[in-house]
Amino acid sequence: MVLDFNTIYYPGRFERLIEDFFRPQPGEGRRMAFPPLNVSEDEANYYIRSEVPGMALDAVELTLTEKSLVIRGERPTEQGKYYRQERPAGFFQRVVALNVPVDRDKVRATLADGVLTVVLPKCEGCIPRKISIDVA
Amino acid sequence: MSENTANSNEAKTLPRVSPATDILEREDGFYVFMDLPGVRREDLSIDINENEITVTGRALQGASDKESFLEVQFGPGEYVRAVSLSDRVDRERIKASLKDGVLTLHLPRMEKLAPRRIPVQTA
């Protein structure tokens, strides 16, 4: 039988508990949501990354609406007699509100090693540009 | 957040993460599934010690330096997890495969030793 003795002790557990208690971080409560999301931007694009291990690209359903990007899918449960189950399973859904205009036709999604990356290009007309004021 | 500091000195130490693991038993042996998102095959190593199997993998963030983060819920890290093996596992036939960020370890049972009779020799 396979035994796992790591439940009781894993390094840094209490240190992390104390650290988290004194430094509450924004979005801490949502870290429990599956799958975790990273949202970032650079000059040309917005990037949404998500850890969805075990999912094939066609099993992840991405829906882009006017105001939101919805990531949904279902993680299957393995058959067998479980001794330990930590991996989340079942249906999941995350909704990313898009309150910025994006170029909807050029949105691309890739999935590599269980990390989903959605690239949302900023639309041409929305990149800020300088307007010179002429003195009349 | 801690992810940002880890990004700046990536070469030093990544935060250690214990990957979510399922351990289950089927007809043909034990199966261990580990979620290792972002770990490439070349960044993964599996070591068997005497009666422990240790999985180590590094996940690097695929982001460039120019990006500024609006929301961070996961970051780069080093996955470390050890699972104890019993004597009933056949160490020679352990198989591992990595697909879509999930590591599957198959630990087959020892071939059942057939019961045999010990002949008694006369001295």
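FYI, it's all coordinate maths here, none of it is from the lab. Quantities reported herein were computed from a predicted structural model and do not represent experimental measurements. Here Cβ is always computed from backbone atoms with ideal geometry, including for glycine, and neighbour counts include all displayed protein chains.
Tallying residues that are surrounded by 14 or more Cβ atoms within 10 Å (Cβ to Cβ) and out of contact with any helix residue (DSSP H, G or I) (no Cβ under 7 Å at 6 or more places or on another chain) within segment A:111-136 yields 11. Scanning segment A:82-97 for residues that are free of Cβ contacts under 8 Å to residues at least 40 places away in the same chain and surrounded by 15 or more Cβ atoms within 10 Å (Cβ to Cβ) turns up A:Q85, A:R87.
For residues that are more than 7 Å from chain A (Cβ to nearest Cβ) and free of Cβ contacts under 8 Å to residues at least 12 places away in the same chain, tally how many sit in segment B:65-86. Residues meeting the conditions: 1.
For segment A:73-98, filtered to residues that are within 11 Å of another protein chain (Cβ to nearest Cβ) and polar (S, T, N, Q), the residue that is nearest to A:P53 (Cα to Cα) is A:T77.
Whenever a residue of segment A:100-113 is in contact (Cβ under 8 Å) with a residue 12 or more places away in the chain and more than 14 Å from chain B (Cβ to nearest Cβ), its partners that are assigned to a loop (DSSP other than H, G, I, E, B) and exposed (fewer than 11 other Cβ atoms within 10 Å of the Cβ), lying with C-beta atoms within less than 9 angstrom and at least six residues away or across chains, give the pairs A:R104/A:E66. Restricting attention to segment B:21-56, the residues being at the interface with chain A (Cβ under 10 Å from one of its Cβ atoms), assigned to a strand (DSSP E or B), out of contact with any Gly (no Cβ under 6 Å at 6 or more places or on another chain) and surrounded by 18 or more Cβ atoms within 10 Å (Cβ to Cβ) number 11. Quick check on B:R91: is it out of contact with any helix residue (DSSP H, G or I) (no Cβ under 6 Å at 6 or more places or on another chain) and under 20 Å from A:F34 (Cβ atoms)? Answer is no for this residue. The residues of segment B:57-70 that are out of contact with any Gly (no Cβ under 7 Å at 6 or more places or on another chain) and part of a strand (DSSP E or B), listed by number, are B:G57, B:R58, B:S68, B:F69, B:L70.
One residue stands out in segment B:79-123 among those that are β-branched (V, I, T) and assigned to a strand (DSSP E or B): the one that is surrounded by the most Cβ atoms within 10 Å (Cβ to Cβ), namely B:V102.
Within segment A:58-73, the residues that satisfy the criterion of being outside any strand (DSSP E or B) and under 19 Å from A:G114 (Cβ atoms) are A:D58, A:A59, A:V60.
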